[in-house]
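The values are calculated or read from the model by the stated rules, or taken from the named source; none is laboratory data. Everything numeric here is computed off the predicted structure, so don't read it as measured data. Heads up, the Cβs are rebuilt from the backbone with ideal geometry, glycines too, and the neighbour counts pull from every protein chain shown. Remember, those area values only see protein heavy atoms, side chains included, never the ligands or the DNA or RNA. Shrake-Rupley method; radii C 1.70, N 1.55, O 1.52, S 1.80 Å.
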Amino acid sequence: MTKKSGRDAYKDELTTLASSNDQIVCIEADLGGKNHPFGQQHPQRFFNLGIAELAGIDMAAGLAEAGYVPFFSTFASFAALRAAESIKLTMGYMGKNVKVVAAYGGVSGGWFGTTHHALEDIAVLQSFQNIRIACPHGDQETRRVIREAAASEEPYYIRLSRNDAFDSLDRAEDESCRNLIVEGGARTVRSKLCLISVGEQATELCKRIVQEDDAIVHAHLCYVDIQSLKPYIQPLSGLADQFLVVEEHRATGSTASYLALLLPKHQVHSHHCGEKWPIYGGTHAEVLDYLGFGFEPLQQQIQNILGGKDGF
């Protein structure tokens, strides 16, 4: 089967799940287009509300109260920021069974510009508590997260990119999606540094690094809410003394900041998107380069860390 981008894998998987679960409802904020597969196969349970994110979350909460399993999709920036109060109250405080699928995470919107980029969304969602936050990598992991979200009664925030399609990392059959995936490094000895990746671009960068340096280990995290981070601590502690979290996000409120609190005896560094605003339009790669997030800056930061010079 041809691999799909995260947002296309979401649409495809949810459409399939809805064929055997008539409680699943799909709500879009004018992102799905006229050929949305869910709308074509399940038109009575598909709603395009247009640019009305707060109303979308509130409508989803009402559907959840009635026993439905609503999935609401919009830009990550509009979900986490424009609809923040509705998410805080309905999903955080009241714990309604709402699944927010936030496409265009980070700066994956590229040409859409600053208003459509989301480098603060994880920080916002973490502060509300009790919401599962997933940043899947690749087609198969995205599908797994959608299946888990549909089967769970917990509120979910699922951060996706735009058009890039990747192969997910191999996972043992007995592992839960909430567990970490470890690759590279000399597994019988403690590594000098462990890279921790969150999201698609970060995971691809870390995969390249460990292919070139077998002394470094890579741990990929899919779920990064505080409830999911805590079980990672013991296995992570056995991998290395130093960690470098790679994440398409601001440093403030990032996964690195939470891991630093949970790993007080370890050094936790961060490769992030800096403090600049992505004010220039361009491709996803060009905007990331402008923000200093990429392979060569990551290589340099690793050298600085291992040489005792990192200032992050």
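Filter region 64-84 for residues that are without any contact (Cβ under 8 Å) to a residue 40 or more places away in the chain and either assigned to a helix (DSSP H, G or I) or acidic (D, E) (or both); which is surrounded by the most Cβ atoms within 10 Å (Cβ to Cβ)? The qualifying residue surrounded by the most Cβ atoms within 10 Å (Cβ to Cβ) is A64. Residues of region 30-55 that are part of a helix (DSSP H, G or I) and of a type in the set (D, E, K, R): R45, E53. When restricted to residues that are open to solvent by 10 Å² or more (accessible area, probe 1.4 Å), closer than 15 Å to A251 by Cα and not basic (K, R), region 268-287 contains 7. The number of residues in region 130-153 being polar (S, T, N, Q), closer than 21 Å to A79 by Cα and assigned to a helix (DSSP H, G or I) comes to 1.
Hey, could you check region 5-29 for residues that are among the small types (G, A, S) and either at pLDDT below 95 or part of a strand (DSSP E or B) (or both) and say which is farthest from S108 (Cα to Cα)? Here the answer is A29. Total residues in region 213-230 satisfying the condition of being open to solvent by less than 10 Å² (accessible area, probe 1.4 Å) and in a helix (DSSP H, G or I): the figure is 2. For region 27-46, the candidate set comprises residues that are surrounded by 18 or more Cβ atoms within 10 Å (Cβ to Cβ) and out of contact with any helix residue (DSSP H, G or I) (no Cβ under 6 Å at 6 or more places or on another chain); within that set, the residue that is nearest to V101 (Cα to Cα) is E28. R250 meets each of the listed conditions (1) of a type outside the set (G, A, S); (2) buried (at least 22 other Cβ atoms within 10 Å of the Cβ); (3) within 16 Å of the chain's Cα centre (by Cα) apart from (2). The selection criterion, being in contact with a strand residue (DSSP E or B) (Cβ under 7 Å, 6 or more places away or on another chain), surrounded by fewer than 22 Cβ atoms within 10 Å (Cβ to Cβ) and modelled with pLDDT of 95 or more, does not hold for M94.
Being of a type in the set (D, E), open to solvent by less than 30 Å² (accessible area, probe 1.4 Å) and closer than 19 Å to V107 by Cβ is a property that E296 lacks. Between I209, I233, the distinction of being hydrophobic (A, V, I, L, M, F, W, C), open to solvent by 20 Å² or more (accessible area, probe 1.4 Å) and part of a helix (DSSP H, G or I) belongs to I233 only.
Comparison of F78, F47 shows that the only residue that is over 19 Å from E154 (Cα atoms), under 20 Å from the mean Cα position of the chain (by Cα) and among the aromatic types (F, W, Y) is F78. Does L259 qualify as being touching a residue at least 12 places away in the same chain (Cβ under 8 Å), open to solvent by less than 10 Å² (accessible area, probe 1.4 Å) and more than 27 Å from Q129 (Cα to Cα)? Considered against the rule, which asks whether it is touching a residue at least 12 places away in the same chain (Cβ under 8 Å), open to solvent by less than 10 Å² (accessible area, probe 1.4 Å) and more than 27 Å from Q129 (Cα to Cα), L259 comes out as no.
For D241, the conditions (1) open to solvent by 30 Å² or more (accessible area, probe 1.4 Å); (2) within 17 Å of the chain's Cα centre (by Cα); (3) of a type in the set (D, E) all hold with the exception of (2).
So that you can scan it fast, the table gives a plain yes or no per residue for (1) under 28 Å from P278 (Cβ atoms); (2) part of a strand (DSSP E or B); (3) within 22 Å of the chain's Cα centre (by Cα):
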{"site": "I57", "(1), (2), (3)": "yes, no, yes"}
{"site": "G62", "(1), (2), (3)": "no, no, no"}
{"site": "S86", "(1), (2), (3)": "yes, no, yes"}
{"site": "K96", "(1), (2), (3)": "no, no, yes"}
